[in-house]
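Each reported figure results from applying straightforward, stated rules to the coordinates on display, with no laboratory input. Computed from a prediction, not measured in an experiment: that's the story for all the values here. Because the Cβ atoms are built from the backbone with ideal geometry, glycine has one as well, and the counts that use them run over all protein chains shown.
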Amino acid sequence: MVAVRLYRSLGTDSASSTTDPRPIELYESLKAVQVLDHGRDGRGGCRLVKIHPVVLASIGDSYERRNEGASRVIGTLLGTIDKHSVEVTNCFSVPHNESEDEVAVDMEFAKNMYELHKRVSPSEVIVGWYATGFEITEHSVLIHEYYSREATNPIHLTMDTALQSGKMNIRAYLSAQMGVLGKTVGVMFTPLSVKYKYYDTERIGIDLLERTRDAPNTTNGLTSDLCQVGGAAGRVQDMLATVLTYIEDVLSGKQTADNSVGRYLMDLVNKVPKITAEDFETMLNSNINDLLMVTYLSNLTQAQIALNEKIVVL
């Protein structure tokens, strides 16, 4: 393994450093202690972390495939950054070894993997790193020091694969150097808000996995397009019924009106196009005819290709 060994002494790459190792102290009270604020955004406020399901699935898979005897796995987080949030869209695991006194990370492997990812998704940059487990150790600070050189204000994501509290807790942190004036003595990790975000294609996979939650041994296939449209229409109908129930309760005096909800309803009504039922039916029928024509042409093309392949074989 081509690796750089990180020791307890922060900022050193050699075991012969004269810097005395210092434990990482998280003070509950910061009286007479200054927080050197390098782990927050430019406005001084914490950022929001948006995580996609494929990232969580990849972390879980790397944990299941970990080497024998390894207590946890680490890896690089990829995504995009804006003024208010960090969106994590991809990740990859990085080989490492940990002992009581040191941690060795294969940084050359991490750099090569990042270069390969850049060829496929140039817009994705390094936004931080992840580790399985529910706590931040001294080794986490050393690894975070490396990623601080690869990205500005990297986030640290922890995923409790051991299910300590009965569920898979996922937390994100930003680091801030903590110490007295003129001398740094430790690092403090500030928790961030975590939000789950998904694309439409990811939602299909999530719905499929959710159906197997109660019966993990059963096999479920993807539903047809018509069933998906029917399910979406049913969900919209249920939401409209909830809205109508709320409106009727407000009008009858059973429930107090909420101004924020009223503004959302007004925006919803304004987004509905003003069109008569006859014009809507005509437009819908026209789109259906276009769809059926495209489907017919695609089936005809497939039949022609299959026929041509059989003729060539003869």
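A few remarks follow.
- Long-range HN-HN contacts of Leu77 with modeled amide H, under 5 Å: Val127, Gly128, Trp129, Tyr130
- Ordering 93-99, 172-178, 234-240, 270-276 by mean Cβ neighbour count within 10 Å, with the highest value first, yields 172-178, 93-99, 234-240, 270-276.
- When each of Lys195/Lys271; Lys83/Lys118; Lys83/Lys195; Lys254/Lys274; Lys50/Lys118 is checked by Cα-Cα distance, pairs over 24 Å: Lys195/Lys271; Lys254/Lys274
- Net length gained if the chain between Val236 and Tyr198 were fully extended (0.36 nm per residue, minus Cα distance): 11.8 nm
- Ranked packing of 78-86, 48-56, 281-289, most packed first, by mean Cβ within 10 Å: 48-56, 78-86, 281-289
- Long-range Cα-Cα pairs in region 226-272 (distance over 13 Å), rounded percent: 65
- Subtracting the Cα-Cα distance of Glu210 and Ser298 from their residue separation scaled by 0.36 nm leaves 28.4 nm.
- Averaged over residues, the count of other Cβ atoms within 10 Å places the peptides 129-138, 191-200 in the sequence 129-138, 191-200, highest first.
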